[in-house]
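To start, the structure itself, in structure tokens.
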Amino acid sequence: MTNHQTSRRRFLAGLGATGTAALLSGCVTSTSTSKSSSKGAVTLQSNLSAPQAKAAMEDLAAAYAKKGSEHLSLNTVAAETFRTQLPTYLTSANPPDVLTWYPGSVADAYARKNLLLDLDDVWNSSPDLKRYSKAQNRLCTATSGKKVFVPATSYWWGMFYRKSHFAKWGVKEPKSWDEFLDLCDKLKSKGVAPIGLGAGGNTPWVASAWFDYLDIRINGAAYHRELLAGKHRFDDPEVRKVFDRWQEVLPYFDPNGTAIAFQDATTALLNGRTGMMLIGTFFADAAPKNALDDIDFFRFPVIDSKVPLAEEAPVDGYFASARTGRREQVYDLMRYLATAEAQEIYIKGSSGTVLPCNPDAKDAGTALVKKGREHVDSAVEITQFFNRDSSDALQPTADTALTKFIAKPKSIGSILTDWQRDAQKIWNA
């Protein structure tokens, strides 16, 4: 979210970028036709609306203001509102200058419409960006060869749980799919809904994590990316295998999984009403600080050992409107956002579980962060998330198909037929 996601994305930043890049070299650039103006403050539109993330962004804006070079106006928008309004922001006559979002296919879609500012000058003049990894560099490069994005953080997805709850229930992390099913059986026998979801309300995109992971575990990351690019069909036999496997675990899902948003599902997980949840580390920004040390995760179980190990590790950061009238001020802000200082300020103000993209920036150094780094570093391939590897436009087709499947799994044949039809309209647009 994919997309939608924006609230979802903020807990661990920086590390996925190192292996991620080769997959997403899609941002196409554009240049601004408006004249740079020194009038008014640079506007930064942020989707980081969870309390800790919002506070961290406010700290970042305050630190930038103290430098005295430029003025900055931070506008925080509820994450789901931001997601739905992003196309409007970028196409308005007076758009925000800089926006939080992410690189890859999604940025490519906006850049192809000449909506994103060419950031070559930023990358060429920033001593920090010159030291970013080749993977990050490629990730932010348009197909035209221009840069359109500045990465700041990255996070990973995993099966999250509370250590104290697993200890109380007498269970442990599974190492295989069969062990995972056994774990679900044990939790269900104790009156606990084994798997939380949170695909209700305005966060149906959460269900896409299950599709992504089952597909990359069964068919591999390369097939998955090709599928999302329209090179395979959603009604292919390979995709049907994904849902055959999903049906094995579907009885263990929280019955309220498609009735409540992920924030409420997070509360259910923390309170022990559910046992575990496939979610991105951003969920920690809504968790009490005193619960962070009790949070742990395990890798989504391997299903076929012959399939190269892949993990989802999305990258977040900033792009700018091609219509900005404050180009030089935008460049100055972007250079600052790429610094170790800026990224460390965000880490300290947020849940402390984000990882910086700047190679000189320090992360929180917690056991969870260290485990997360190892988790992503051990992957042979990195994917982003459904919409990030496809487009914001394709995500609603997944939302519809997957929530229908969860409600009526026996109708999977017609569901996949409809999904392919709806996706084809997007690809043909």
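The values are calculated or read from the model by the stated rules, or taken from the named source; none is laboratory data. These numbers were taken from a predicted model, which means no experiment stands behind them. For neighbour counting, all protein chains shown are included, and Cβ atoms are generated from backbone atoms with ideal geometry for every residue, glycine included. Accessible surface is based on the protein model in full, side chains and every heavy atom, while ligands, DNA and RNA are left aside. Shrake-Rupley method; radii C 1.70, N 1.55, O 1.52, S 1.80 Å.
Let me know the Rg and Dmax you get for the stretch 191-321 when you use only its Cα atoms, in Å.
Both quantities, over Cα of the stretch 191-321: 16.0, 51 Å.
For labels at Ser378 and Ser73 in the simple 7 Å Cα→Cβ model, what's the distance in nm?
The answer from the label model is 4.9 nm.
Could you pull out the pairs from Lys134/Lys175; Lys168/Lys289; Lys113/Lys404; Lys306/Lys362; Lys172/Lys408; Lys168/Lys188 whose alpha carbons sit more than 24 Å apart here?
Check vs 24 Å cut-off fails for Lys134/Lys175; Lys113/Lys404; Lys306/Lys362; Lys172/Lys408.
Largest first and to the nearest Å, give the Cα extent of the stretch 97-251 along each principal axis.
Here the spans come out as 59, 40, 31 Å, largest first.
Determine, at each q value in 0.08, 0.13, 0.14 (inverse angstroms), the log₁₀ of I(q)/I(0) that the Debye formula gives when each Cα of the chain is one equal point scatterer.
With no solvent term, the Cα-only Debye profile gives -0.40, -1.09, -1.26.
Work out how much length Ser305 to Ala62 would gain on full extension: take 0.36 nm times their residue separation and subtract the Cα-Cα distance, in nm to one decimal.
82.6 nm
Tell me what the chain gives for mean residue ellipticity at 222 nm when only DSSP H runs of n ≥ 4 count, each as -39,500 (n - 2.57), the sum divided by the residue total, rounded to 500 deg cm²/dmol.
-12500 deg cm²/dmol
Cα-based Rg (one decimal) and Dmax (whole number) for the stretch 62-182, in Å?
20.5, 59
Rounded to the nearest 10 degrees, what's the angle between the helix 395-407 long axis and the longest principal axis of the chain, both from Cα atoms, 0 to 90?
20
Probe radius 1.4 Å, ligands and nucleic acids ignored: give me the carbon and sulfur share of the accessible area of the chain as a rounded percent.
Roughly 49 percent of what the probe reaches on the chain is carbon or sulfur.
In the Gaussian network model of the chain, springs joining C-alpha atoms below 10 Å, which of Thr417, Thr258, Thr266 carries the largest mean-square fluctuation?
Thr417
Can you give the charge dipole size of the stretch 121-215 about its Cα centre, rounded to the nearest 20 debye, using +1 on the beta carbon of Lys and Arg and -1 on the beta carbon of Asp and Glu?
Magnitude of the dipole: close to 380 debye.
Just grab the label-to-label distance for Asp182 and Ser411, each label 7 Å out from Cα along the Cβ direction, in nm (one decimal).
Modelled inter-label distance: 3.7 nm.
Rounded to the nearest 20 Debye, what is the dipole magnitude of the chain about its Cα centre when Lys and Arg each give +1 and Asp and Glu each give -1 at the C-beta?
The calculation lands at about 280 debye.
Grab the beta carbon distance between Asn124 and Lys289, set R0 = 41 Å, and tell me the FRET efficiency rounded to 0.05.
0.55
I'd like the orientation of helix 340-349 relative to the chain: the angle between its Cα long axis and the longest Cα principal axis, in ° from 0 to 90, rounded to 10.
That helix lies at roughly 50 degrees to the long axis.
Relative contact order (percent) for the chain, with alpha-carbon contacts under 8 angstrom and 6 or more residues of separation?
For the chain, the relative contact order is 32 percent.
Could you calculate the FRET efficiency of Ile426 with Ala167 from 1/(1 + (r/R0)^6), where r is the beta carbon distance between them and R0 is 45 Å, rounded to 0.05?
In this case the efficiency is close to 0.45.
Working with all protein chains in place, sort Asp235, Asp392 by solvent-accessible area computed with a 1.4 Å probe, largest first.
Ranked from most to least accessible, the order is Asp235, Asp392.
Which one, Ala322, Val122, Ser411, is farthest towards the positive end of the dipole of the chain when Lys and Arg carry +1 and Asp and Glu -1 on their Cβ?
Positive-most Cα among the choices belongs to Ala322.
Once label points are set 7 Å from the Cα along Cα→Cβ at both Tyr89 and Lys348, what is their separation, rounded to one decimal in nm?
Placing both labels 7 Å beyond Cα along the Cβ direction yields 2.6 nm.
What value in Å³ per residue do you get for the convex hull of the alpha-carbon atoms in the stretch 279-322?
Dividing the Cα hull volume of the stretch 279-322 by its residues yields 129 Å³.
Compare the Cα positions of Gly349, Ala338, Leu270 along the charge dipole of the stretch 240-362 (+1 at Cβ of Lys, Arg; -1 at Cβ of Asp, Glu; about the Cα centre) and return the one farthest towards the positive end.
Looking along the dipole axis, the top candidate is Ala338.
Enter the accessible area per residue of the chain (Å², integer; probe 1.4 Å; all protein chains in place).
Spelled out: the 1.4 Å probe surface of the chain, per residue, equals 37 Å².
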